[in-house]
Protein chains: 4
Amino acid sequence: MTIDLQTARTIVAEALAAGRAKGFKPLTVVVLDAGGHLVAAEREDGASNKRFEIASGKAQGALALGLGSRALMARAEQQPYFIAAATAAVGGSLIPVPGGVLVRNEGGTLLGAVGVSGETSDNDEAAAVAGIEAAGLQAQPD
Amino acid sequence: MTIDLQTARTIVAEALAAGRAKGFKPLTVVVLDAGGHLVAAEREDGASNKRFEIASGKAQGALALGLGSRALMARAEQQPYFIAAATAAVGGSLIPVPGGVLVRNEGGTLLGAVGVSGETSDNDEAAAVAGIEAAGLQAQPD
Amino acid sequence: MTIDLQTARTIVAEALAAGRAKGFKPLTVVVLDAGGHLVAAEREDGASNKRFEIASGKAQGALALGLGSRALMARAEQQPYFIAAATAAVGGSLIPVPGGVLVRNEGGTLLGAVGVSGETSDNDEAAAVAGIEAAGLQAQPD
Amino acid sequence: MTIDLQTARTIVAEALAAGRAKGFKPLTVVVLDAGGHLVAAEREDGASNKRFEIASGKAQGALALGLGSRALMARAEQQPYFIAAATAAVGGSLIPVPGGVLVRNEGGTLLGAVGVSGETSDNDEAAAVAGIEAAGLQAQPD
């Protein structure tokens, strides 16, 4: 079970809508399936060059270790050398700040992850959660 | 000047619609701005894991050398060592088969590139061109 | 839906048993889930150092492009520059010779892939297929 | 002298059994020979995507520097830049937290290493040690 394209489109659209409603800076939203492979992504006009890579790295990191990227930040605060080493071990895609949120269905099955970048990390996470919940799914930010 | 998100959405939607109309296998479509940075991407249900990386590599390669990826294939046929070396030099994202198409406006200004993967390379290119032209822009496949 | 550990153990055991029954050289067998992540692997005594990486690359390549690695070899024969470029684009794990076999259930749903290395490529593939079929699943070698 | 496949199977099975007996989260266990090459690995159902890479990195790091990964953590606390640089120098596989345990025979000869990931680092290490000792070998966690 994973996130299909129609669901991913809803998540992207609703995460961006949440950002617009709250006056956030331009956002980039990435939706990955449970295996860590891209389903859909959009980068808003005015976002800087590598926001896709940052948003993707938040979602990749969450899936790699099975925790929302907020939990990875807590780990980075305690053991920065672990996160640095894990980043190298997984080939670079692991960004340990909020905004990488696991997606589960009602029964708790992992479906994928959403990564958002462009605003403060807390606001990135809020947009990701808004998109996931608008699609009727469960968001796990940490 | 570059491709804005609204235009990229049109290109993605129309490229996928062209694929559905022609009975193509599941496609992945990536739209990059003139700097080679993602604007929008979608991977259809049933597409294999790394189709985003392949589609993106076609578009990246086109922008890297300023030619549609069909022209890069011609170069690969003549000088495979050049394409292999260029691939390494640019960090891996350069796929020299059709399906990476440059996007220009009416005046010929380069706006970005579209990469498509999932079907035969010729059909991938056809879907990319359909998307670009549906957005009122000029497609340069070679 | 993916390959669970118990099924992966059966595939590994039966692929190795097939190799012993046929007098093959020491084999390495890797089972990946549908997302391309390791479920189980074993390298027989006497196998050379990097057989895990080769076997894994066969299975990774099959999942990356949605074809058994025998089909990737055919593509490599026709367009070596495509396979070289795709290998770079996916980060190195793509070995285009027989022995990387997709695994599907009765209904055709993709569950993962098996990679085998150590003997001739044809024999590697035979061992992978034997393991998959012994687990009651469908093998797609090309 | 190194770890043969039969011994590696015992280590994997007993490390996982120890985890089940103690109610640990899903574990991934990797056994490497003295040269740092995979002999056997299993990832339990429900473990996150990159647990193999993390477990393998703990064992690789232990063999790289000849110390259990608990000792590498102590070094990381004192000189994080050394561990970061060593991680880069060895190509990424060096995870400096407990759970990477050297394996020696009765006479103290180095046979290989075991890496475990999925629970707290202390519990990962406990599972690795349980597996090694169940195989009648000596565990060196630091």
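The values are calculated or read from the model by the stated rules, or taken from the named source; none is laboratory data. Note that the structure is a prediction, hence the values are computed from the model and not measured. Cβ atoms come from the backbone with ideal geometry, glycine included; neighbour counts cover every protein chain shown. Surface areas here come from the heavy atoms of the whole protein model, side chains and all, with no ligands, DNA or RNA. Shrake-Rupley method; radii C 1.70, N 1.55, O 1.52, S 1.80 Å.
So that you can scan it fast, the table gives a plain yes or no per residue for (1) within 11 Å of the chain's Cα centre (by Cα); (2) aliphatic (A, V, I, L, M):
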{"position": "A:Leu72", "(1), (2)": "no, yes"}
{"position": "A:Gln78", "(1), (2)": "no, no"}
{"position": "A:Val97", "(1), (2)": "yes, yes"}
{"position": "A:Val101", "(1), (2)": "yes, yes"}
{"position": "A:Thr109", "(1), (2)": "no, no"}
{"position": "A:Val116", "(1), (2)": "yes, yes"}
{"position": "A:Ser121", "(1), (2)": "yes, no"}
{"position": "A:Ala127", "(1), (2)": "yes, yes"}
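Can you tell me which residue is farthest from C:Leu32 (Cα to Cα) among those in the range A:17-32 that are surrounded by 24 or more Cβ atoms within 10 Å (Cβ to Cβ) and of a type outside the set (Val, Ile, Thr)? The qualifying residue farthest from C:Leu32 (Cα to Cα) is A:Gly19. Of everything listed in (1) away from chain D (no Cβ under 13 Å); (2) touching a helix residue (DSSP H, G or I) at 6+ places or on another chain (Cβ under 6 Å), the single unmet condition for A:Gly107 is (2). Pairs are defined by a Cβ separation below 7 Å, a sequence spacing of at least 6 or placement on different chains, a first member in the range D:3-29 that is in contact (Cβ under 8 Å) with a residue 40 or more places away in the chain and at the interface with chain C (Cβ under 9 Å from one of its Cβ atoms), and a second member that is of a type in the set (Lys, Arg) and open to solvent by 10 Å² or more (accessible area, probe 1.4 Å); the pairs so defined are D:Thr28/D:Arg43; D:Thr28/D:Arg51.
Of all the numbered requirements in (1) within 26 Å of D:Ala47 (Cβ to Cβ); (2) open to solvent by 10 Å² or more (accessible area, probe 1.4 Å); (3) more than 8 Å from every other protein chain (Cβ to nearest Cβ); (4) not acidic (Asp, Glu), A:Ala47 misses one, and that requirement is (1).
For the range A:54-86, filtered to residues that are in contact (Cβ under 8 Å) with a residue 24 or more places away in the chain and open to solvent by 20 Å² or more (accessible area, probe 1.4 Å), the residue that is nearest to the other protein chains (Cβ to nearest Cβ) is A:Gly66.
Within the range C:1-58, the set of residues being in contact with a Lys or Arg (Cβ under 9 Å, 6 or more places away or on another chain) and of a type in the set (Phe, Trp, Tyr) comprises C:Phe52 only. Among residues of the range A:87-101 being in contact (Cβ under 8 Å) with a residue 24 or more places away in the chain and out of contact with any Ser or Thr (no Cβ under 9 Å at 6 or more places or on another chain), the one that is least open to solvent (accessible area, probe 1.4 Å) is A:Val90. When every residue of the range C:43-51 is checked against the conditions, at least one turns out to be within 22 Å of D:Ser56 (Cα to Cα), charged (D, E, K, R) and touching a residue at least 24 places away in the same chain (Cβ under 8 Å).
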